[in-house]
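Report on the structure given below.
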Amino acid sequence: METSRKNVFSTNLILLFFSTILSLLIGELVARNFAVVRNVGPSFTEYHPVYGKWHKKNISCERFTPEFEMHLSTNSLGCRGPEPGRFPERGVLFLGDSFTELVRRVLMQQYGKDSVPVVNAGMGDLGNGLWLKFLKHEGERFNPRLVVLQISDNDFTDNLHEKMFSLNEKDSLIEYPVAAPGSSRIIQNVLEAIPGISYSYLAGLLKQALWSSVRPPRSAVDGQPGPADQLTYRLVDEILTLCERERWPVLVLAVGIEPSRFERMQQLVQKHRTQLIKSPAFNQRPELFYSYDGHWRANGHEFVANQVLDAITVSGVLEQSPQTPVGQASRSSN
């Protein structure tokens with residue numbers, strides 16, 4: 001009798017195992033053929049106790065989206081691009097997007113091995129609070145001859161969601177410690193510990209659902225002046241003030257910011273005598289963007305990279321020797 005029960009238990013366990021595998025395979029096929037999965041591939045970032053997240057160091061991997069494939073590699077600093085021959089101080093520090101790789105390549109073509117170092121510290125899906133923390137903690141070490149700061153319309157939402165900073169009744173910034181890893185980060189670590197699971201469409205769909213569940217709807221905080229706007233302007237003002245105090249010239253790149261917000265951002269930039277570039281919005285130059293993903297196509301990256309390169313060339317920072325202090329740039333363009 002005891003043996004019979006053990007046999008039944010073993011049979012049920014085997015059936016459960018194979019039915020689970022079959023269900024997962026069916027789910028994978030359904031996800032691949034019928035679901036829209038925005039990102040398939042391993043996460044580029046990991047938990048960071050100071051910044052909340054940072055790029056994984058020394059990685060090389062692919063990410064698949066409905067419209068394109070992308071390759072990302074990082075160096076020992078957790079920044080995008082090749083390993084620097086030495087620590088890249090007195091370089092151009094990008095707190096922006098992947099178009100900076102094009103800038104780095106053009107600088108290498110123009111200046112060869114003596115090119116000014118280009119540090120691509122940009123990451124996606126974050127606001128401006130991380131950059132303020134980064135400049136406070138790492139700015140002196142990098143001592144950049146130029147900071148290129150990209151500001152996007154979704155930063156307004158992200159700054160509220162991330163809860164790195166808030167404003168008190170006197171409009172002063174209150175900085176908060178980074179929270180412990182949340183459920184989405186824990187699930188990410190568990191999934192990525194299973195070989196090959198990162199490239200599962202079903203796993204990508206699960207991560208997408210978890211991410212959407214913890215993000216506030218944009219309509220709840222965007223589109224009209226409110227806490228998101230006040231906090232974002234204050235963060236940008238603090239970043240520009242810090243760079244001005246340390247004599248790090250800044251170039252601000254505005255991406256997809258709606259007109260009233262851009263006007264306010266332009267006032268901030270002019271207050272700090274800083275350069276401003278406005279990249280074309282989707283409705284102005286749709287051929288530069290992917291229609292579903294919303295990011296720049298290759299020609300979009302090239303267009304914006306050339307905008308930035310032109311502004312860097314005009315600023316004169318590339319002609320300065322590494323030891324020469326650089327004054328704050330004063331030209332504003334839009």
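Filtering region 170-184 to residues that are polar (S, T, N, Q) and over 18 Å from Tyr47 (Cβ atoms) leaves only Ser172.
Among residues of region 7-26 that are under 27 Å from Leu205 (Cα atoms), those with a Cβ under 8 angstrom from a residue that is surrounded by 10 or more Cβ atoms within 10 Å (Cβ to Cβ) and of a type outside the set (Val, Ile, Thr), sequence gap 6+ or separate chain, pair up as Leu24/Leu202. Go through the residues of region 260-274 one by one and say whether even a single one is at positive phi, crowded, with 16+ Cβ neighbours inside 10 Å and modelled with pLDDT of 90 or more. Yes, region 260-274 has at least one match. Criterion first (in contact with a His (Cβ under 7 Å, 6 or more places away or on another chain) and not hydroxyl-bearing (Ser, Thr, Tyr)) does Glu263 satisfy it? For Glu263, the condition - in contact with a His (Cβ under 7 Å, 6 or more places away or on another chain) and not hydroxyl-bearing (Ser, Thr, Tyr) - is not met.
Here's the yes/no breakdown for (1) outside any strand (DSSP E or B); (2) touching a strand residue (DSSP E or B) at 6+ places or on another chain (Cβ under 9 Å); (3) without any contact (Cβ under 8 Å) to a residue 24 or more places away in the chain:
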{"residue": "Arg90", "(1), (2), (3)": "yes, no, no"}
{"residue": "Met108", "(1), (2), (3)": "yes, yes, yes"}
{"residue": "Gly112", "(1), (2), (3)": "yes, no, yes"}
{"residue": "His137", "(1), (2), (3)": "yes, no, no"}
{"residue": "Leu149", "(1), (2), (3)": "no, yes, no"}
{"residue": "Glu169", "(1), (2), (3)": "yes, no, yes"}
{"residue": "Ser184", "(1), (2), (3)": "yes, no, no"}
{"residue": "Ile187", "(1), (2), (3)": "yes, no, yes"}
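In a residue-by-residue description of region 134-142, the property of being under 17 Å from the mean Cα position of the chain (by Cα) and within 30 Å of Glu263 (Cα to Cα) applies to at least one position.
For (1) touching a Phe, Trp or Tyr at 6+ places or on another chain (Cβ under 9 Å); (2) of a type in the set (Gly, Ala, Ser); (3) outside the structural domain of Ala311 (by TED's automatic domain parsing); (4) farther than 28 Å from Arg145 by Cβ, each residue gets a yes or a no:
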| residue | (1), (2), (3), (4) |
| --- | --- |
| Gly256 | yes, yes, no, no |
| Glu263 | no, no, no, yes |
| Leu268 | yes, no, no, no |
| Thr274 | no, no, no, no |
| Gln284 | no, no, no, yes |
| Glu287 | no, no, no, yes |
| Asp293 | yes, no, no, yes |
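Each residue in region 254-276 was checked for being in contact with a helix residue (DSSP H, G or I) (Cβ under 7 Å, 6 or more places away or on another chain) and assigned to a loop (DSSP other than H, G, I, E, B), and 3 pass. Within this structure, Val119 passes the test of being assigned by TED's automatic domain parsing to the domain that holds Asn299, at pLDDT 90 or above and within 23 Å of Val269 (Cβ to Cβ). Return the residues of region 55-96 that are modelled with pLDDT under 90 and of a type in the set (Val, Ile, Thr); say none if nothing qualifies. Result: Thr65, single match. Annotation: Pro66 fulfils all but one of (1) part of a loop (DSSP other than H, G, I, E, B); (2) free of Cβ contacts under 8 Å to residues at least 24 places away in the same chain; the unmet one is (2). Within region 110-158, the residues that satisfy the criterion of being surrounded by 21 or more Cβ atoms within 10 Å (Cβ to Cβ) and among the aromatic types (Phe, Trp, Tyr) are Trp131, Phe142, Phe156.
The residue that is modelled with the lowest pLDDT, among those in region 189-223 that are in a helix (DSSP H, G or I) and surrounded by fewer than 11 Cβ atoms within 10 Å (Cβ to Cβ), is Ser219. Name every residue in region 39-54 that is over 15 Å from the mean Cα position of the chain (by Cα) and either modelled with pLDDT under 85 or among the hydrophobic types (A, V, I, L, M, F, W, C) (or both), in order of residue number. Within region 39-54, Val40, Val50 meet the criteria. Within region 66-118, the set of residues being charged (D, E, K, R) and farther than 18 Å from Val317 by Cβ comprises Glu67, Glu69, Arg80, Glu83, Arg86, Asp97, Glu101, Arg105, Lys113.
Count of region 277-286 residues, restricted to those that are assigned to a loop (DSSP other than H, G, I, E, B) and either buried (at least 19 other Cβ atoms within 10 Å of the Cβ) or of a type in the set (S, T, N, Q) (or both), is 3.
The values are calculated or read from the model by the stated rules, or taken from the named source; none is laboratory data. In this text the structure is predicted, and so the values were computed from the model without any measurement. Cβ sites come from the backbone with ideal geometry, for glycine too, and all protein chains shown count toward neighbours.
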